[in-house]
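The values are calculated or read from the model by the stated rules, or taken from the named source; none is laboratory data. Everything quoted here is computed from the prediction, not taken from an experiment. No Cβ is skipped: glycine too gets one built from the backbone with ideal geometry, and neighbour counts run over all protein chains shown. When the accessible area is computed, the model is the full protein with side chains, heavy atoms only, and any ligands, DNA or RNA have been set aside. Shrake-Rupley method; radii C 1.70, N 1.55, O 1.52, S 1.80 Å.
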Amino acid sequence: MVSAQDKQGLKSPGTRAPIARLILAGLVLTGIPILSVLTHLRSAPDDHVLIVPATITPAVLGPRLTLGINTVDINALAGDDRFKVGDVAYVHTAVDGTELLYPFAISQARAGGQDGTVSFRGIVTRVDDNQVSLDYQFEDLASRSPNARDGDDVKAEISVNARSVARLKAIIIDGTRTPYDLMEKPVLFGRTINGAKSAPAM
């Protein structure tokens, strides 16, 4: 049986304070990740949106997009020429509005933007002589598009932010636009160098 003194202790401010702090801490800890997710689910006003031709190709985890910049010839590009599998690389491309024209440089350092250019951050997945293959971490479609079939030529609508992170906004198949989330995937592995002020000259 609880005594009157014990009942008063349960109602005292000293007892309620730790509970209030625990509730507040829980709200903060759950609110931060939710806010972070909501931030990444929308394009920032300064993101550059590109519409890029792509082909749907089969992979272990399901269909994925293959773009012209997934494999680059480093001998034909300015910038760095030594890469290992797992390196983070930045492919710098010339663009005209929403059209990606061509890659002109590759570097291990993130570079400042220039008018008429967009840089993509990727992970090196293969090095074969002068051919470097990269994964930009938005290409996996998995089961998100029931209309995606291996071998289809599609258009990928891509949003690239100021950190050179590309995210898939939508794919366009036969004129039909299928929107996707804009979740930014963190780089889970790789070696990167920051600090370059500008990309190699075009």
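Considering only the stretch 46-117, give the strands (runs of 3 or more DSSP E) lying wholly within it that have at least 2 residues that are open to solvent by less than 30 Å² (accessible area, probe 1.4 Å).
So the answer is 48-57, 64-67, 88-96, 99-107.
Which residue, of 92, 48, is modelled with pLDDT of 95 or more and within 19 Å of the chain's Cα centre (by Cα)?
Going through 92, 48 in turn, just one is modelled with pLDDT of 95 or more and within 19 Å of the chain's Cα centre (by Cα): 92.
Filter the stretch 111-130 down to the residues that are modelled with pLDDT of 90 or more and either under 24 Å from residue 162 (Cβ atoms) or in contact with an Asp or Glu (Cβ under 6 Å, 6 or more places away or on another chain) (or both) and list them by number.
116, 117, 118, 119, 120, 121, 122, 123, 124, 125, 130 - these are the residues of the stretch 111-130 that are modelled with pLDDT of 90 or more and either under 24 Å from residue 162 (Cβ atoms) or in contact with an Asp or Glu (Cβ under 6 Å, 6 or more places away or on another chain) (or both).
Would you say residue 123 is of a type in the set (Val, Ile, Thr), open to solvent by less than 50 Å² (accessible area, probe 1.4 Å), without any contact (Cβ under 8 Å) to a residue 40 or more places away in the chain and touching a Gly at 6+ places or on another chain (Cβ under 8 Å)?
no
Kindly indicate the residue of the stretch 126-144 that is among the hydroxyl-bearing types (Ser, Thr, Tyr) and open to solvent by less than 30 Å² (accessible area, probe 1.4 Å) and also farthest from residue 88 (Cα to Cα) among those meeting that condition.
If we take residues in the stretch 126-144 being among the hydroxyl-bearing types (Ser, Thr, Tyr) and open to solvent by less than 30 Å² (accessible area, probe 1.4 Å), then 133 is farthest from residue 88 (Cα to Cα).
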